[in-house]
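Here is the structure we will look at.
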Amino acid sequence: MIRTSDVWWKNAVLYCLDVETFSSEGFRGATERIDHLHALGVTCVWLMPFYPTAERDDGYDITDFYSVDPRLGSLGDFVEFVRAARDRGMRVIADLVVNHTSDQHPWFHDPEKRDWYVWADEPQSDGPQGITFPDKENSLWEYSEEVGKYYLHRFYKHQPDLNVSNPQVRDEIARIMGFWMELGLSGFRVDAVPFLLEHNDPADAVSLPDPHDYLTDLRAFLNRRNGEGVLLGEVNLPYKDTMAFYGQGVGDELTMCFDFVGMQAMYLSLARRSSGPLVKALQERPEPPRDGHWATFVRNHDELTLDKLPTDERQEVFDAFGPEKSMQLYGRGLRRRLPGMLDGDQRRIRMVYSLLFTLPGTPVLFYGEEIGLEEDLSLEGRMAVRVPMDWDAAGEQRHDPESLLVWMRLMIARYRECPELAWGTFQVLDTGEPRVFAHRADCDGGSVIAVHNLSDQEITVRVPAEGVLADLLTGGRVKPAKIGAKVDLAPYDCRWYRLMRE
């Protein structure tokens, strides 16, 4: 118990929300809604940016790292939200967006802080490459009339990149983290980590320390200030490259990394109605350090990126879940929520979230997923999925035993009752049926088996098991046989079993 409570994030349930769209009354309204999260079973709230902003990138263009946007409330309102969450056993983390600022930030116009940003006399052809938003920008460099030089911007031109190679900038980032931890945060979701650490000039690689040393310093600072602190990193890279961001073998950098590769493989499996791509990804996924963990998700606040899939496989997902150009973004992702992608099929929607809570890793929900909130394609770009929370729907579903909300509560309750899913070793089970994904988690003598039918057909499979299977969702039992326990699955069905050894 002592060891598991120290690494609380391993079996946490994270819930990402944007205060602005979660409640029309800012932090005060979000605080009044906190019992909705508590009843759902959330154990950690992740806050999207709530800082003062120039309002050109949904809060990610920050003008002050030490305050709350007046539209959302005050520092006092923020503290009350954190306190209310803590009272209900929920921790709070927030976005740490320090790879850039808004061009309206006072630092950008302070001559004494000129070297806090990345400047060049001419756009550098041998510097960072790759346009993040090709529909809006055509260069990573923008000319400043005020300074007479070009500044680097990995994202929009109104978001100049900070020069993290500058020790003063590094110290300021630590101060920002320290400030918010003093107000009650238990850590941060670190935005665009690879961009934060990249060298801005090829010469930097020779003249400066390894950028990962800086991430190690940030983690050490976090842990000195708050022993339970967590750094959840947005690292959308292949598995091999992502592992470096945990730290070299000892896990002294990021605490958790999002499993972008596994998420994309899951959607390919859903499109094909075959477990193959998901099985392959999970079997190739490296084990994180002892106290590290993968963060799993169905949806997040950005486009549903499919950039790690080959072009032909990406097209399969597009054809299945977003065939119209208006549903796609940047040629690499979908701007839809899951209910829209699955045409509102409740069987399939519930099966996907069952997958989320049984896959090895820490599950992360995006606000509204628990009530089946859909996208609004009339909104521009990624904003299509950042729609207002539908509290009327939440109220209607709260007491409806057949609702998605009640199903999600059940999933989370069972997940919290099954430490094997978070702590155990993972093993894919061979049922001989590619349309079925079955796996097993073992920990300290306990075993949980999950079975998911990815197809729209009724299927009967034999699941390898050496004891009675107690159904954790319905209360039934399945007796073993020499050729495996017989499991009958309806279309898009799912089963959670605890293995009872007699």
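The values are calculated or read from the model by the stated rules, or taken from the named source; none is laboratory data. Keep in mind it's a predicted model, so treat the numbers as computed, not measured. Cβ: placed from backbone, ideal geometry, glycine included. Neighbour counts: every protein chain shown. The accessibility values were calculated without ligands, DNA or RNA, using every heavy atom of the protein model including side chains. Shrake-Rupley method; radii C 1.70, N 1.55, O 1.52, S 1.80 Å.
What percentage of all Cα-Cα pairs in region 371-428 are separated by more than 18 Å? It would help to have the intermediate numbers written out before the result.
Numbers: 933 of 1653 pairs.
That tail contains 56 percent of the Cα-Cα pairs.
When the Debye formula is applied to the Cα atoms of region 221-343, each taken as the same point scatterer, what base-10 log of I(q)/I(0) results at q = 0.16, 0.18, 0.21, 0.22 Å⁻¹?
Those come out to -0.79, -0.93, -1.14, -1.22, one per q.
Okay, helix-only estimate at 222 nm for the chain: each DSSP H run of n ≥ 4 adds -39500 (n - 2.57), divide by all residues, round to 500 deg cm²/dmol; what do you get? Don't skip to the end; give the middle numbers.
Details: 18 runs with 157 residues, N = 502.
The per-residue figure over the chain is -8500 deg cm²/dmol.
Of the listed peptides 428-441, 304-317, 257-270, what is their order by residue-averaged count of other C-beta atoms within 10 Å, with the highest listed first? Write down the numbers at each step before the final one.
Numbers: 428-441: 19.0, 304-317: 17.3, 257-270: 23.7.
Averaged packing, sorted descending, gives the order 257-270, 428-441, 304-317.
Can you list, largest first and rounded to whole Å, the semi-axes you get for region 308-386 by taking the square root of 5 times each eigenvalue of its Cα gyration tensor?
Working: eigenvalues 87, 54, 31 Å².
For region 308-386, the ellipsoid semi-axes come out as 21, 16, 12 Å.
From the phi of every residue in region 461-470, what ³J(HN,Hα) in whole Hz does the Karplus formula 6.51 cos²θ - 1.76 cosθ + 1.60 yield, where θ is phi - 60° and glycine or proline is x?
Those phi angles translate into 10, 9, 9, x, 7, 10, x, 6, 9, 8 Hz.
Measure off, as a whole percent, the carbon and sulfur share of the 1.4 Å-probe accessible area of the chain, all protein chains present.
Details: 9590 of 20180 Å².
Exposed carbon and sulfur together represent 48 percent of the surface.
Once phi is turned into ³J(HN,Hα) by the Karplus curve 6.51 cos²θ - 1.76 cosθ + 1.60 with θ = phi - 60°, what whole-Hz value does each residue of region 394-405 show in order, with x for glycine and proline?
For region 394-405, the Karplus curve yields 4, x, 5, 7, 4, 10, 9, x, 9, 7, 5, 4 Hz.
Using the alpha-carbon atoms, what tilt in degrees (0 to 90, nearest 10) does helix 211-225 show relative to the longest principal axis of the chain?
Taking Cα atoms only, the helix is inclined about 80 degrees.
Placing unit charges on C-beta atoms (Lys and Arg positive, Asp and Glu negative, everything else neutral), compute the dipole magnitude of the chain about its Cα centre in debye, rounded to 20. Before the final figure, lay out the partial values.
Values: 55 positive and 82 negative charges, 488 e Å.
The calculation lands at about 2340 debye.
For region 11-107, with equal point scatterers placed on the C-alpha atoms only and solvent neglected, what are the log10 I(q)/I(0) values from the Debye formula at q = 0.14 1/Å, to two decimals?
After summing over all Cα pairs, the log10 values are -0.50.
Using only the alpha-carbon atoms, how far is helix 167-182 inclined from the longest principal axis of the chain? Give it as 0 to 90 degrees, nearest 10.
Long axis of 167-182 versus the principal axis of the chain: about 50 degrees.
Net charge within 13 Å of F179 by Cβ-Cβ distance, Lys/Arg positive one each and Asp/Glu negative one each, not counting F179 itself? Please list the in-between numbers first.
Numbers: positive: R175, R225; negative: D64, D171, E172, E182.
Local charge sum for F179: -2.
How big is region 51-168 by Rg and Dmax over its Cα atoms, in Å?
That works out to 16.9, 54 Å for Rg and Dmax.
Give me the three principal axis extents of region 212-285 from the C-alpha atoms, as integers in angstrom, largest value leading.
47, 20, 16
Separation of region 244-287 and region 3-79 by C-alpha centroid, Å?
When both Cα centres are located, 27 Å separates them.
Between helix 260-272 and the chain, what is the angle of the helix's C-alpha long axis to the longest principal axis, kept within 0 to 90° and rounded to the nearest 10?
For 260-272 against the chain, the angle is about 50 degrees.
Using only alpha carbon positions, build the gyration tensor of region 304-343, then give the equivalent ellipsoid semi-axes as the square roots of 5 times its eigenvalues, largest first, whole angstrom. If you can, show how the numbers build up before the last one.
Working: eigenvalues 46, 20, 16 Å².
Equivalent ellipsoid semi-axes, largest first: 15, 10, 9 Å.
For region 398-430, run through the GluC sites (Glu not before Pro) and keep only the ones in DSSP coil with at most 13 other Cβ atoms within 10 Å of their Cβ. It would help to have the intermediate numbers written out before the result.
Working: sites: E402, E417, E420; in loops: E402.
The qualifying sites are E402.
Give me the one-decimal nm value for the distance between modelled label points at T460 and R88, 7 Å along each residue's Cα-to-Cβ direction.
The modelled label-to-label distance comes out at 4.6 nm.
Just to check I understand the Karplus step: with θ = phi - 60° and J = 6.51 cos²θ - 1.76 cosθ + 1.60, what whole-Hz values come out for region 94-105, glycine and proline as x?
Per residue, the Karplus-derived 3J(HN,Hα) values read 9, 5, 10, 10, 10, 7, 7, 10, 6, 6, 9, 5 Hz.
For the chain, report the accessible area per residue in Å² (1.4 Å probe, heavy atoms, rounded to an integer). Provide the component values of the computation, followed by the final result.
Details: 20180 Å² over 502 residues.
In whole numbers, the chain has 40 Å² accessible per residue.
How about region 1-83: which GluC sites (Glu not before Pro) there lie in a loop by DSSP and see at most 15 other Cβ atoms within 10 Å?
On the way: sites: E20, E25, E32, E55, E80; in loops: E25, E55.
Hits after loop and neighbour filter: E25, E55.
Using every pair of alpha-carbon atoms in region 409-485, split the distances into 5 Å bins beginning at 0 and state the percent of pairs per bin, rounded to integers.
3, 14, 22, 27, 22, 10, 1, 0
Determine, for the chain, the count of lysine pairs separated by eight or more sequence positions (or lying on different chains) whose alpha-carbon distance falls under 21 Å.
9
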